[in-house]
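Contents: one structure, followed by commentary.
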Amino acid sequence: MGVADCAEPPIDKACGEGLMPDTRAALSQLGVRVDARHGFPFRGIRFIEGGRSIEADFPNGPGFGVRRPILQRLLIERAAELGISMRWGVKGIAYGDGKLWVDDVPISADLVIAADGHNSPVRRAAGLDRARRSSCRYAYRRHYALAPWSEYMELYWGDRFQIYVTPVSASEICVALMSHEPHLRLDEVLERLPVIGKRLAGQAVSSKEMGAVTVWRKLVRVSRRGLALAGDAAGSVDAITGEGLRLAFQGATELAIAVSKNDLKHYERAHARMRTRTDRMAWLLTTLGDKGGLRRRVITAMAKKPEVFENMLGAHVGAAAFGDLTPGQVLGFGWQMLAA
């Protein structure tokens, strides 16, 4: 078994760098442990909208902010432990007529796993590009040499954009912008949101601003005979959910089970199942991002009914279900929404 990649470590990318508790659990299934040696814990999520804020703790342990190159190093070390060969800096990877080509050399394999990103050339060549849903936004990320001021990952809401702040060490934070505007940058947005802009003004920057497209894509199929898609190549969700890495790591475990059963249909079913709650949350969060009036009413109501936000966060990380709320709690929240 081997891995071929056109890039060479350390490989950085624009990423919010927050690992949710369910993402850490999925990593643990792969034999990768993330703890305080690798990053910085956060106990939950805080939403901030103007002068209002709401927060809730994860019910299944802390999340961790981890720099992307550190996470990649842990994955490479685990792969080496398992005896997987890795070829970095290859000049070209192509797929056609059911065969994989690396550096113009055909590779013999019973199964090709394409994990070549949301624009996957292998996926296109294999005829698996058809999607039930596809949309994109734009993300930019920068680090500041600043001690975290909060025990929470913070999400600052603006009109049709959001800023995430994730602690990644005792002396550094990751600040990420997501919006519909490809030309919108962090400096401009920080001026629009003084609640966070003033805090970061004049602080030392510890990385250059890096951009990427965040894609919400649900494919019709994620496999065919002799080929399976993994990671973002298999479809992704908007980065606002923070669940992209969880889908990739959990998907890797499900794909391994499918291979052991010689049944890629297992992977198809598991992949559809594991992203159901994430797609629902992506719809909810992007809707709130696009509809400012609704968002402000929801956050105001949640501030008065914090158990609703706690349930929402628990459902988001797979530790609860929306149905866990009592009818009285639902009615109470509805009343607060009408009164907001």
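Could you check R273 against (1) under 29 Å from A248 (Cα atoms); (2) charged (D, E, K, R); (3) not assigned by TED's automatic domain parsing to the domain that holds A234 and say which number it fails?
Checking R273 against (1) under 29 Å from A248 (Cα atoms); (2) charged (D, E, K, R); (3) not assigned by TED's automatic domain parsing to the domain that holds A234, the one that fails is (3).
Filtering the stretch 227-273 down to residues that are among the β-branched types (V, I, T) and under 16 Å from L30 (Cα atoms), which residue is surrounded by the fewest Cβ atoms within 10 Å (Cβ to Cβ)?
Per the criteria, the residue is I257.
Just to confirm my filter: which helices (runs of 4 or more DSSP H) fall fully inside the stretch 274-340 and include at least 3 residues that are more than 24 Å from W216 (Cβ to Cβ) and at pLDDT 90 or above?
Here the list reads 292-304, 306-316.
Within the stretch 161-183, count every residue that is assigned to a strand (DSSP E or B), surrounded by fewer than 21 Cβ atoms within 10 Å (Cβ to Cβ) and in contact with a Phe, Trp or Tyr (Cβ under 6 Å, 6 or more places away or on another chain).
Number of matching residues: 1.
What are the residue pairs meeting all of these: first residue in the stretch 243-272, first residue of a type in the set (V, I, T), second residue at pLDDT 95 or above and part of a helix (DSSP H, G or I), Cβ atoms under 7 Å, and 6 or more apart or on different chains?
That search, which allows pairs on different chains as well, returns T253/A26; T253/Q29; I257/H266.
Does L186 count as crowded, with 20+ Cβ neighbours inside 10 Å and without any contact (Cβ under 8 Å) to a residue 60 or more places away in the chain?
It is false that L186 is crowded, with 20+ Cβ neighbours inside 10 Å and without any contact (Cβ under 8 Å) to a residue 60 or more places away in the chain.
So which of V122, V220 is closer than 24 Å to A230 by Cβ and surrounded by fewer than 15 Cβ atoms within 10 Å (Cβ to Cβ)?
After applying the criteria, what remains is V220.
Across the stretch 95-106, which residue is farthest from G226 (Cα to Cα) among those that are surrounded by 14 or more Cβ atoms within 10 Å (Cβ to Cβ) and in contact (Cβ under 8 Å) with a residue 24 or more places away in the chain?
V102
Could you say whether any residue in the stretch 108-123 is more than 26 Å from the chain's Cα centre (by Cα), on the phi > 0 side of the Ramachandran plot and free of Cβ contacts under 8 Å to residues at least 40 places away in the same chain?
no
Is it the case, given these coordinates, that G235 is over 21 Å from T166 (Cα atoms), in contact with a Lys or Arg (Cβ under 7 Å, 6 or more places away or on another chain) and assigned by TED's automatic domain parsing to the domain that holds V66?
For G235, the condition - over 21 Å from T166 (Cα atoms), in contact with a Lys or Arg (Cβ under 7 Å, 6 or more places away or on another chain) and assigned by TED's automatic domain parsing to the domain that holds V66 - is met.
Residues to consider are E268, E307; find the one that is in contact with a strand residue (DSSP E or B) (Cβ under 7 Å, 6 or more places away or on another chain) and either farther than 24 Å from G158 by Cβ or aromatic (F, W, Y) (or both).
E268
Between R78, R43, R52, which is surrounded by fewer than 19 Cβ atoms within 10 Å (Cβ to Cβ), at pLDDT below 95 and more than 15 Å from the chain's Cα centre (by Cα)?
Selected residue: R52, the only one of R78, R43, R52 that is surrounded by fewer than 19 Cβ atoms within 10 Å (Cβ to Cβ), at pLDDT below 95 and more than 15 Å from the chain's Cα centre (by Cα).
Out of everything in the stretch 1-32 that is at pLDDT below 95 and under 19 Å from the mean Cα position of the chain (by Cα), what residue ends up being surrounded by the fewest Cβ atoms within 10 Å (Cβ to Cβ)?
Only one residue fits best here, namely I11.
The values are calculated or read from the model by the stated rules, or taken from the named source; none is laboratory data. Here the structure is a predicted model, which means the values were calculated and not measured. All Cβ positions, glycine included, derive from the backbone under ideal geometry; neighbour counts span all protein chains shown.
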